[in-house]
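I have placed the structure first, in the form of structure tokens, so that the comments after it can refer back to it.
No value in this document is a laboratory result; all are computed from the given coordinates. Just so it is clear, the model here is predicted, and its values are computed rather than measured. We place every Cβ from the backbone using ideal geometry, glycine too, and count neighbours over all the protein chains shown.
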Amino acid sequence: MTQLNPKPKRSRSADARGSEASRGERALQKGQQTKQLIINAALGLAEQIGLEGLSIGALAEVTRMSKSGVFAHFGSREELQISVVREYYRRFSDEVFFPAMNAPRGLPRVRALFANWMKVVAVEIQSGCIFISGAVEFDDRPGPVRDALASSVQTWLNAMYRAVVQARDEGHLVSDADAQQMAFEIHGLILALHYEARFLKNPGAIERANTGFENILLRYGKAAVRVPPFTV
């Protein structure tokens with residue numbers, strides 16, 4: 001008769017280690033969720049009062065946490081500001097850049113990028129834009145916060161520039177089209193729109209920005225090429 005070997009029993013120390021690991025994972029997950037909650041609240045505040053207006057005390061009041069509890073997740077006000085910049089850029093990319101990648105290369109993608117950008121601006125006319133307010137606050141203040149802002153904006157502008165270059169390569173623009181100039185003018189439209197609509201409260205600013213974009217395409221595009229707008 002074959003004798004079956006009994007299964008080895010888990011030692012109490014192994015069970016304890018497993019329980020401790022599980023508690024550690026739950027604590028880490030809870031900590032990440034709390035940090036994200038603070039960042040969300042900080043972004044909402046920054047859109048209204050700017051990055052410079054952020055403070056540990058204000059966030060503690062908004063999130064109903066202690067100052068030490070908020071501080072423990074970041075360590076400094078500067079780290080908090082950088083986290084807000086990164087969160088804004090993540091959301092901006094999710095709303096503007098990634099959906100546009102579904103459009104065909106060339107002019108349809110340029111159109112999609114601009115259309116998505118305009119959707120974001122339509123909301124930010126009321127709430128404010130971290131990139132624009134941050135540029136005013138940190139334009140002449142070297143440091144990690146300015147670096148994070150400038151890097152995020154430049155990454156986005158590089159993406160727009162690449163889309164314009166691809167449009168030229170696809171034959172949707174004249175062969176000698178200055179891609180840098182075209183991308184610069186598109187960016188200029190957005191900046192003008194924020195100023196006209198948010199600061200001056202001029203009616204029709206959004207329509208003028210859209211007209212300006214079409215005028216840019218007329219100047220740089222081939223007259224024989226008619227690429228319809230991309231729809232999701």
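Kirkwood radius, region 82-220, all distinct C-alpha pairs, inverse of mean reciprocal distance: 15.7 Å. Rounded to 0.05, the FRET efficiency of the residue 123 and residue 77 pair, given R0 = 25 Å and the Cβ-Cβ distance, is 0.40. Couplings 3J(HN,Hα) for region 120-132, derived from phi with the Karplus relation 6.51 cos²θ - 1.76 cosθ + 1.60 (θ = phi - 60°), are 5, 4, 4, 7, 6, 4, 8, 9, x, 10, 4, 4, 7 Hz, where x marks Gly and Pro. Sorting the segments 105-118, 78-91 by their mean number of nearby beta carbons within 10 angstrom, highest to lowest, gives 105-118, 78-91.
Placing dummy labels 7 Å off each Cα toward the beta-carbon, the span from residue 34 to residue 201 is 4.3 nm. The mean sequence distance of close C-alpha pairs (under 8 Å, at least 6 residues apart), as a share of the length of region 82-220, puts its relative contact order at 25 percent.
Here the Karplus curve 6.51 cos²θ - 1.76 cosθ + 1.60, taken at θ = phi - 60°, turns the phi angles of region 35-43 into couplings of 4, 5, 4, 5, 4, 4, 5, 5, 5 Hz, with x standing for Gly and Pro.
Note on residue 94/residue 175: beta-carbon distance plugged into 1/(1 + (r/R0)^6) with R0 of 30 Å gives a FRET efficiency of 0.30.
Each residue of region 146-155 was assigned a 3J(HN,Hα) from its phi angle through the Karplus expression (A = 6.51, B = -1.76, C = 1.60, θ = phi - 60°), giving 4, 4, 5, 5, 4, 5, 5, 5, 5, 4 Hz with x at Gly and Pro. Ordering of 145-152, 54-61 by packing is 145-152, 54-61, highest average first (other Cβ atoms within 10 Å, averaged per residue).
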